[in-house]
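Participant: Right, I'll just put the structure down here and ask away after.
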Amino acid sequence: MTNSILDFTQEELEKLFPPKFRAKQIYNWIYQQHVDTFDEMENIPKKMRSELAEKFSISPLEKVQKQISSDGSIKYLFRLQDGHTIESVLLKMKDAEYDEKGELLHHAKYTVCVSSQVGCKVGCAFCLTAKGGFIRNLTPGEIVGQVLEIKKDNDIASNRRVNIVYMGMGEPLDNLDNLAKAIKIFSNENGLSISPKRQTVSTSGISTKIKKLGNMELGVQLAISLHAVDDELREELIPMNKAYNIASIIEAVKEFPVNTRKRVMFEYLVIKDVNDDIVSAKKLIKLLEGIKSKVNLIYFNPYPGTTFKRPEPEKMRRFQEYLLSKGVLCTIRESKGIDISAACGQLREQELSR
Ligand code: SAH
Ligand code: SF4
């Protein structure tokens with residue numbers, strides 16, 4: 001298995017391939033010119049190009065499947081070099097807009113949802129990724145490659161910056177070192193130039209690692225998959241809650257360095273007759289007191305074999321309205337790509353069971 005060059009920070013490449021300016025050129029070819037081979041790197045000496053090609057591949061991912069949803073989001077299945085597969089989703093958040101003369105007002109806005117592991121150790125009761133257990137961590141290059149491949153595949157100009165959410169398969173904080181490296185590689189201005197402010201790490205709430213991430217001072221945004229307001233219910237949904245209960249998560253969030261203009265996002269997966277009642281909404285408001293937060297209500301997305309159900313839209317709206325009426329920012333995540341089974345893990349599952 002060859003190493004992928006996407007695993008390396010610019011500083012590491014500077015040491016491997018002196019003089020220093022070569023690393024910047026290599027970064028430019030890969031992340032801005034979108035080349036597929038080292039041979040296309042014209043300003044790199046031939047000898048270095050063949051050395052690079054001997055030692056490294058560019059992308060560690062192979063696109064094996066792609067599903068386009070009616071709302072414009074696109075779900076990808078990638079094969080890794082050892083044969084395992086992972087999913088990523090390109091979400092179109094806003095279409096491009098033009099004025100009456102046809103001049104571009106703003107470009108389309110995209111967010112890429114990336115995976116951080118093959119499988120997941122956390123074992124949430126409602127999550128399909130959990131069903132296959134944990135296989136392995138993704139390398140930094142396998143994380144970075146998802147965004148690079150998706151930008152290339154959609155001809156998204158290299159200078160168009162996309163947002164990243166670590167909400168694909170896996171628990172990003174269980175792969176903290178590789179995650180941190182990927183965050184740095186993404187943010188390099190000679191590369192994809194995605195500043196940490198535009199990167200959101202979503203976690204099921206490993207309190208100790210939220211603190212560790214905060215101490216790294218990377219400048220990323222934080223999203224907490226809360227889903228329940230009582231420890232009893234949360235333990236049923238997320239077994240890890242026994243070790244890291246709600247109070248410990250809230251404490252870790254309060255210590256987390258948040259950009260002054262940003263908020264911590266709390267994801268609340270709404271499951272019919274499980275957590276969709278107003279009493280829960282009330283408790284949620286209490287929990288969030290003193291935190292600059294935003295709640296994102298997510299429709300549970302059913303899959304074959306689950307007993308959980310999608311909530312009624314009416315219940316969802318009432319839950320949202322209650323939070324709003326108490327001054328808590330709250331959005332309902334439209335089930336982007338529901339027709340392409342966008343809850344992560346679902347495309348992979350289909351492929352494995354074929
Ligand atoms: N492990 C991290 C990030 C990946 S999961 C975490 O749990 O936050 C990303 C999101 O997908 C989580 O908020 C999770 O609750 C949600 N999710 C999992 N299964 C789902 C389903 N069946 N329907 C809707 N959302 C789901
Ligand atoms: Fe892992 Fe997140 Fe799925 Fe829970 S919801 S099993 S933490 S991927």
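The values are calculated or read from the model by the stated rules, or taken from the named source; none is laboratory data. Since this is a predicted model, take the numbers as computed values, not measurements. Cβ: placed from backbone, ideal geometry, glycine included. Neighbour counts: every protein chain shown. Just so you know, the surface numbers come from the protein's heavy atoms only, side chains and all, with ligands and any DNA or RNA stripped out. Shrake-Rupley method; radii C 1.70, N 1.55, O 1.52, S 1.80 Å.
Participant: Quick one: putting +1 on the C-beta of Lys and Arg, -1 on the C-beta of Asp and Glu, what dipole do you get for the chain around its Cα centre, in Debye to the nearest 20?
Facilitator: On the way: 52 positive and 47 negative charges, 128 e Å.
Value, rounded to 20: 620 debye.
Participant: While we're looking at this one, here's another question. By how many nm would the segment from Asp153 to Ser50 lengthen if fully extended, with 0.36 nm per residue of separation less the alpha-carbon distance?
Facilitator: Value of the extension gain: 34.5 nm.
Participant: So, for segment 151-219, what is the accessible surface per residue at a probe of 1.4 Å, expressed in square angstrom?
Facilitator: 38 Å²
Participant: When N is the residue count of the chain, what does its C-alpha Rg come to as a fraction of 2.2 N^0.38 Å?
Facilitator: Scaled against compact globular proteins, the figure is 1.02.
Participant: Once segment 170-228 is represented by equal point scatterers at the alpha-carbon sites, with solvent omitted, what log10 I(q)/I(0) does the Debye formula produce at q = 0.16, 0.24 Å⁻¹?
Facilitator: -0.48, -0.98
Participant: So which chymotrypsin sites (Phe, Trp or Tyr not before Pro) in segment 69-151 end up in coil per DSSP with only 10 or fewer other C-beta atoms within 10 Å?
Facilitator: Answer in residue order: no site qualifies.
Participant: Answer with one residue from Val253, Ala281, Ala243: the one whose Cα lies farthest towards the positive end of the charge dipole of segment 221-291, charges on Cβ with Lys, Arg +1 and Asp, Glu -1.
Facilitator: Positive-end residue among those listed: Val253.
Participant: OK, next. List the trypsin sites (Lys or Arg not before Pro) within segment 1-41 that fall in a DSSP loop (any state other than H, G, I, E or B) and whose Cβ has at most 12 other Cβ atoms within 10 Å.
Facilitator: Passing sites in segment 1-41 are Lys20.
Participant: Another question, if that's okay. Nearest 5 percent is fine: what portion of the DSSP beta bridges confined to the chain is antiparallel?
Facilitator: Around 45 percent of the beta bridges assigned by DSSP in the chain are antiparallel ones.
Participant: In addition: Could you state the accessible area per residue of segment 1-58 in Å², with a 1.4 Å probe and every protein chain left in place? Mind dumping the intermediate values first?
Facilitator: Details: 3300 Å² over 58 residues.
Heavy-atom SASA per residue in segment 1-58 reads 57 Å².
Participant: Oh, and also: When the dipole is taken about the Cα centre of segment 156-288, and only Lys, Arg (+1) and Asp, Glu (-1) are charged at their Cβ, what size is it in debye, to the nearest 20?
Facilitator: Magnitude of the dipole: close to 780 debye.
Participant: Sticking with this structure for a sec: Please find, in a Gaussian network model of the chain (springs between Cα atoms separated by less than 10 Å), the residue of Met48, Met265, Met240 whose mean-square fluctuation is greatest.
Facilitator: So, out of Met48, Met265, Met240, the one fluctuating most is Met48.
Participant: Here is a further query. Among the aspartates and glutamates, select those whose C-alpha is under 16 Å from the C-alpha of Lys66, and discard any that sit fewer than 8 residues away in the same chain.
Facilitator: Candidates past the 8-residue exclusion: Glu87, Glu149, Asp153, Asp155, Asp339, Glu349, Glu351.
Participant: Right, another one. Work out Dmax and Rg for segment 1-58 from the C-alpha atoms and quote the Rg first, both in angstrom.
Facilitator: 10.1, 28
Participant: DSSP loop (so not H, G, I, E, B), at most 15 other Cβ within 10 Å: list which GluC sites (Glu not before Pro) in segment 88-120 pass both filters.
Facilitator: Loop-located and lightly packed - Glu100, Glu103.
Participant: Rounded to a whole number, what % of the accessible area of the chain do carbon and sulfur atoms account for, probe 1.4 Å?
Facilitator: Reported share for carbon and sulfur atoms: 48 percent.
Participant: So what's Rg/Rh here for segment 1-150, counting alpha carbon atoms and using the Kirkwood radius for Rh?
Facilitator: Details: Rg = 18.6 Å, Rh = 17.7 Å.
Over the Cα atoms of segment 1-150, Rg/Rh equals 1.05.
Participant: Now for a different question. Among Lys181/Lys212; Lys282/Lys326; Lys121/Lys181; Lys242/Lys286; Lys181/Lys294; Lys75/Lys109, which pairs are too far apart, with a Cα-Cα distance over 18 Å?
Facilitator: From Lys181/Lys212; Lys282/Lys326; Lys121/Lys181; Lys242/Lys286; Lys181/Lys294; Lys75/Lys109, over 18 Å: Lys121/Lys181; Lys242/Lys286; Lys181/Lys294.
Participant: Taking the Cα atoms of segment 99-168, what is the range of coordinates along each of the three principal axes, in descending order and whole Å?
Facilitator: Projected onto the principal axes, the Cα atoms of segment 99-168 cover 54, 27, 15 Å.
Participant: Please compute the Kirkwood hydrodynamic radius over segment 129-249, one decimal place, Å, based on all pairs of different Cα atoms.
Facilitator: It is 15.5 Å.
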